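Below is one structure, written out as structure tokens, with a few remarks after it.
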Amino acid sequence: MEEHPPSPPSKSWSIYTRREITSKYEILERVGSGAYSDVYRARRRSDSLTVALKEVHDYQSAFREIEALQTLQNCPNVIVLHEYFWREDEDAVLVLEYLPTDLAAVIKAAKKKWEGGIRLGEVKRWMVQILRGLDVCHRNSIVHRDLKPSNLLISAEGLLKIADFGQARILLAPVFVDGDAYNQFDEQPSSSQTAFARPAEVVPPLDSQVIEERGELGSEKCGMEPYDVRTNDFSGDIDEDSATHDGGTSCLATCAASDVEDPFQQTYSYEAEEGRIDGNGPLTSCVGTRWFRAPELLYGSTNYGLEIDLWSVGCIFAELLSLEPLFPGNSDIDQLGKIFSILGNLTDEVWPGCVRLPDYKIISFGKVEKPVGLEACLPNRSPDEVLLVRKLLCFDPASRATAMELLHDKYLNEEPLPIPLSELRIPSKHGIQDEDSSVEWNDYKDFDSDSDFDDFGSSHITTTDNGFSIRFT
Ligand SMILES: Nc1ncnc2c1ncn2[C@@H]1O[C@H](COP(=O)(O)OP(=O)(O)OP(=O)(O)O)[C@@H](O)[C@H]1O
């Protein structure tokens, strides 16, 4: 791993005032920020363990992430939540394992630096890890709803972990399973295999009324119930107002107005709310990051299922294989247009019942006479690789292969096999950003500049025994 560059100036400061946190963790630098969060690298004072402190500025996003990660405790390909701090009137702070890089950095490095791209054995190892993580989520009835390369974090040892569960939802009903894929492939720790085999424990959801302080997480909760991946039964909660989004940012992050640059000038808005905090209700279609969003979401579905994650994984696999985003739409209509230009039109023949999607009759597209086809988008890739992607990018959600089915797929189980973690090339996220362009780094610094301190120039925050001090320069 390469050295980290100096961190950008800190913009969020409230975490430094939290004695219960600073007494246990030394905050070192801010390493990232998302729509609703600031993430810091920190050192646990008791044993010097490096952790990530994720300060989540949105109640619902924090609630979802904690609830999902509590359910998925001790799953090797899901990020570990060590503990969290959450008091009334304060942002939740999640203490997560620290993971220095992500799959987006791997793709970027492969494109810019690695001759021949990502090697086949590497591609397969990344795929297996993604599928294992997703299979565990789905077996626990959790739909992630924002899978993309930058949410697949990677440890220095090459262990890939699904992260950012701020948009995740949990199914209400138990579901059914069709097999066990975990006795194949070599890299899975044996303890996790035991965990997978156990029946799911019932994990009580967070009580929305009682905000806990410092929830300690210890017991194994990565049990698995049989499931049917095609169930559409969700517990409800409420989304923020929402609308437009782009390819790099989660939908809920950037929703502001409906697709105003829509070439068809159609009204195309999203539900502002989804369900109720206490039970069943419609889902919002405004989730995920556009380039990875399933067609049913783009057409406004509010009763979609776990399959939306499988579409996203199809897009991610295609990107791993070609090093280019498969459907880089610049608006939701453009997104659908890009999908149709490659896969052909969405009609009742390819997905019986699609005409009942809320926005199907509102948005009409001209017939794509000659779809480009997946083969053309994945040049120099084998028919088996194209087929693997095709199994995920089916218009009909019920036809998409499940994570478990793909783990058994011939492609992943034949030579060349997935290589060991120790042979994976793992680029530093920051190294690639730095090399890339100063514009990107400057953009980063300008992003999310809603701090009260922005007008004062750059600030340096130091934790002291009595709290914190801020120096403006
Ligand atoms: N455990 C971690 N270890 C290291 N860096 C992390 C960790 N978690 C998050 N980050 C960094 O912080 C950034 C923001 O985190 P995250 O994506 O979880 O926040 P978010 O607000 O939910 O983002 P988004 O806008 O993508 O939904 C990530 O892109 C990543 O760079």
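A few points about this structure:
- Rounded if a/c under 1.5, otherwise prolate or oblate - segment 324-394, Cα gyration tensor axes: prolate
- Summing charges over neighbours of D47, with a neighbour being any other residue whose Cβ is under 13 Å away from its Cβ, gives +3 when K and R count +1 and D and E count -1.
- Förster-model FRET efficiency, 51 Å R0, S382 and R19, C-beta, rounded to 0.05: 0.35
- In order along segment 44-57, the phi-based Karplus estimate (6.51 cos²θ - 1.76 cosθ + 1.60, θ = phi - 60°) of 3J(HN,Hα) comes to 6, 5, 5, 9, 6, 5, 7, 10, 10, 9, 9, 8, 9, 8 Hz; Gly and Pro are listed as x.
- Label-point gap, in nm, between T50 and E83 - each point 7 angstrom along Cα→Cβ: 2.2
- Phi angles of segment 123-129 translate, via the Karplus equation with coefficients 6.51, -1.76, 1.60 and θ = phi - 60°, into HN-Hα couplings of 3, 5, 5, 5, 4, 4, 5 Hz per residue; Gly and Pro are given as x.
- Structure note, pairs K54/K148; K148/K361; K111/K429; K54/K112; K148/K338; K338/K391: Cα-Cα distances above 24 angstrom occur for K148/K361; K54/K112.
- Remark: spin-label model distance N303-W114 equals 4.3 nm, labels positioned 7 Å along the Cα→Cβ axis.
- For V78, nonlocal amide neighbours, meaning residues 5 or more places apart or on other chains whose placed amide H falls under 5 Å from its own, are I162.
- Rounded if a/c under 1.5, otherwise prolate or oblate - segment 360-412, Cα gyration tensor axes: oblate
- Label-reachable residues, segment 352-395, where backbone N falls under 15 Å from a point 7 Å from S341's Cα toward its Cβ: 365-374, 376-378
- The phi torsions of segment 301-306, fed into the Karplus equation with coefficients 6.51, -1.76 and 1.60 and a -60° offset, translate into couplings of 4, 10, 9, 6, x, 4 Hz, rounded to whole numbers, with Gly and Pro shown as x.
- Three-way shape call for segment 91-178 based on the alpha-carbon gyration tensor, with the a/c threshold at 1.5: oblate
FYI, it's all coordinate maths here, none of it is from the lab. Remember, it's a predicted structure, so these values are computed and weren't measured experimentally. Note that each Cβ is placed from the backbone with ideal geometry, even for glycine, and that neighbours are counted across all protein chains shown.
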